1. Quick one: if the Förster radius is 45 Å, what FRET efficiency do A:Thr417 and A:Tyr67 give, using the C-beta to C-beta distance and rounding to 0.05?
2. Any residues in segment B:262-294 that have 30 Å² or more less accessible area with all protein chains than in their chain alone, probe 1.4 Å, and which are they?
3. Can you work out ³J(HN,Hα) from phi for every residue in segment A:228-236, in order, using Karplus 6.51 cos²θ - 1.76 cosθ + 1.60 and θ = phi - 60°, giving whole Hz and x for Gly and Pro?
4. Give me the extension gain from B:Asp28 to B:Gln204: residue separation times 0.36 nm, minus the current Cα-Cα distance, reported in nm with one decimal.
5. Within segment B:261-318, report the trypsin sites (Lys or Arg not before Pro) that DSSP leaves as loop and that have at most 13 other Cβ atoms within 10 Å.
6. Which cross-chain or sequence-distant (5 or more) residues have an amide H under 5 Å from the amide H of B:Glu90, H modelled 1.01 Å from N in plane?
7. With all pairs of different alpha carbon atoms counted, what Kirkwood hydrodynamic radius in Å does segment B:2-252 show?
8. Which residue, chosen from A:Leu186, A:Leu418, A:Thr330, occupies the Cα position most advanced towards the positive end of the dipole of chain A, where the dipole is computed from +1 (Lys, Arg) and -1 (Asp, Glu) charges on Cβ about the Cα centre?
Amino acid sequence: MSSPEIRNFCIIAHIDHGKSTLADRLLEATKTISQREMKDQVLDNMDLERERGITIKLQAARMDYEYKGKKYILNLIDTPGHVDFSYEVSRSLAACEGALLIVDAAQGVEAQTLANVYLAINHNLEIIPVINKIDLPSADPDKVAHEIEEVIGLDASEAILCSAKEGIGIQEILAAVVERIPPPTLDVNKPLKAMIFDSYFDAYQGIIPYFRVMEGQIRKGDKVRFMANNKTYDVTELGVMKPYKTSIDVLSAGEVGYLAASIKDMGYYVGDTITNAAKPADEPLPGYQKAIPMVFCGLYPVNNEDYEDLKESLEKLQLNDSSITFEPETSEALGFGFRCGFLGLLHMEIIQERLEREYNLDLIVTAPSVVYHVFKKSGEMLEISNPADLPDAADREYIEEPIVKVSIITPNDFVGTLMDLAQSRRGTFLAMDYLDTTRVNLQYELPLNEMVTDFYDQLKSRTKGYASMDYQYSGYRRSKLVKLDILLAGDPVDALSVIVHEEKAYYVGRTLTEKLKEIIPRQMFEVPIQAAIGSKVLARTNVKAMRKNVLEKCYGGDISRKRKLLEKQKAGKKRMKAVGKVDVPQEAFMAVLKLSSEI
Amino acid sequence: MFIYIHLPFCLSHCIYCDFYVELKATEDRRQAYLNALKQEIAHYLGQATHCSPIRTIYLGGGTPALFPAEEIASLLSLLQSFAPFAPDAEITLEANPEGMASLPSDYRQTGVNRLSIGVQSLQPNELKRLSRVHSRDQVFRFLDQVRTAGFQNISIDLMYGIPEQTMETWQDTLSQAVQLPIEHISMYGLKVEEDTALDTLIRQGRMALPMDEDTVDMYEFAVNYLAQQGFQLYEISNLSKPGFESRHNLNYWDNNEFWGFGVSAHGYINQVRYENARNLQHYQTNPILRVENHFCTPQEQLENALIFGLRKRAGVSIVELERRYSVDFEKQYLPRIQRYLDTGYLHLEDGFLKLDPKAIPVSNDILSAFMD
């Protein structure tokens, strides 16, 4: 009997359109996993992912499937569904020959779907449209099929109607994967070329890369070389995910698996090419990029003693997610901490949450920033991601800031409010296309620093959650930016400085000081809060002095009450950072994110 | 020895009070309680290997004056059978202006030489709001009576921060209070304890407390005004004419040991802070049972000495602190209190650490800095 044929495919979907549920159903239908073992959404195995209902780290699953008397191996490569992770998406697409395009039968095509489907088309993937959630009362599969044809330009006549939740259409999908997605080319005799599309860190086995063998073969015991990182390793274990790790001796061209080789070196592996050290390929596979962090923030322990713990935790996290960068940084206000880089805002939030939850750290997070190009009068160019590092205005020739192209898909009712939003964020209108009679694709150019505050939250709240968006980096542009300093009790607090556009400085200064007034509790003395550019004060307010704690009676020697009260007081203070003589709560450092409703 | 005895009966329940109180002080109930109390005292003092002379006794409650003088006398003589009274022993009885079970002179004869009287306010409407059962006139009459009966050391409780109290009514209360025959004033900010009737009324919006700012002004006004009238602040909440400081209370602030007897009483003996059963029935079933026994580590003892010692205007003697608790004060505490020293909230002078008067209203903030 001939060896089973292989199909490698992934699922492209917008958040909430049912990708994870469908993946679960496929695992069940192919008996890769029994219903008993089935937790909801097996592939998302971080708690955080399950809670937020999104996939952050992609993984792979191998399914055995028999169709018309013939055996097949179906490799499902899970992809992250968020704009922050588009490089990872591109690598997992490169590992596939086909993709299921899931579109919600009630919601229709969304911005993220569009972005990823174009990526898939660029990778020459066979795309199978699947219209999901047809069981919903508001489902309109015909309209959605029409939209797929109109907007994306795919033939939707053979779109599969499905309800992953109800188990409808699952067999049709499996059949289509076999029939419509081409098998990989099986060049087993060429030198090994395997592409890493993901990796994670295992405490015992080191870094475990997931890869797709593009050419040649890899065996347990082989000496392999990672071409971009230029390191060699002995393969101690080779295996496939079913979806749990299952050992295997050899993986050939077309197959998907993982390896363990005691890899302890830090580095960014996704996109790298694995080859055989003894019989190497001439050239690596194309497309490897180092992850480029776009959004930066300062992370500081609330208690200075936790600095080493934070450092260790970041190192551990970096093993799992090598796209994080961090460098030690010192703040006059916050002490020792790190300036950390992330792929995007969501990525940043996820990492913060993981640090606080999994590593039990109390953190102060400064407002997110982007990388500015600062051109000095001396001709030198500095890359600045921390507002506190911005050179004096007198030394600067000009500043450039990163710009993104944003694409928003929204019901047309909300076009007005979204245009207001984009205008207020210094957006430049590019285009507006009607997808159908009710839905619009709006395109703007926007400075990234306007995006990283709360643009996405605003977009969602202004459109009752109906709009979706995607953005792409589109270069640097010269801009009139200034550094706005915040002074507490007369002293500038470096961690509260923000870089803003000159024209918005006054409004940001005024609303930020008001916001801080709400956040900073009364102290034993009056605390003036000022916003200033250089020595020019733009706004000023005061936190009045606290007048009173409690002067209670101590009855019959019951001092435990008093102690409890003081312990409570102390615990309250622990959540705050002493900046000079002012106790500042953690959220104050993120206050700049909460200004938008007022601006 | 310093002894606190809790006598839990009251005529009625005040809306702000969350201390352990029983109504209906009938003879049977008093006797049952006294029996338990005597059993407890005999058990513990009988066990103690050495009893130093009794320096203070504080009969608190509740309303201890609901016990007739002969019952109080029987308690005192039981104590005396275990340890002699020091010649200058301070024996305090708490009472309320609405009256006592026996004549004041009868109490005076038992050896009680100090009274602490729950006046709280001299404004009829404020007394009503606090659900106190006495009137302003009763206060004047009662104090005359007890003075005539021979009490030369009388303290009253006054309260500020009462719902709808104003600076004017507070000033009026103070100016009347200084006319009373008294040596000592305990002055407390009303604190809304959880699950009291007052707590409910406030949450329902049926009563409103004065603003924090105003209560601080009330406190500061009182401290200055009473000083002019001869009452010196010697502890955050206590003022007295010279020589009339409450030695029983100072003993708490000096972090010294004391016995506590009776239902829900607290004590501190052999480095253990203990608490008795919290309800009458439990207490009387087993009067020697302690529901809480907390051994104070050297660190806690040190913290308590600082937290409670700083309540005294005299402050904390650094030399004594270092000797008693084997601590290097500068090394352990100076870094964390430097900001308070710099801003003048704390003073370190002549070997004493003291709170500045302006720091008193916010003392919790400062005191918590001494806790690990």
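1. Efficiency, from the Cβ-Cβ distance: 0.35.
2. B:His266, B:Arg273
3. Values, residue by residue: 6, 7, 6, 10, 10, 9, 9, 6, 8 Hz.
4. 59.5 nm
5. Answer by residue number: B:Arg278.
6. Those lying under 5 Å, H to H, from B:Glu90 are B:Thr56, B:Ile57.
7. Result for segment B:2-252 stands at 19.1 Å.
8. The listed residue farthest towards the positive side: A:Thr330.
The values are calculated or read from the model by the stated rules, or taken from the named source; none is laboratory data. Note that the coordinates shown come from a computational prediction; the quantities given were computed from them, not determined experimentally. Here Cβ is always computed from backbone atoms with ideal geometry, including for glycine, and neighbour counts include all displayed protein chains. What goes into the accessible areas is simple: the full protein's heavy atoms, side chains included, and nothing from ligands, DNA or RNA. Shrake-Rupley method; radii C 1.70, N 1.55, O 1.52, S 1.80 Å.
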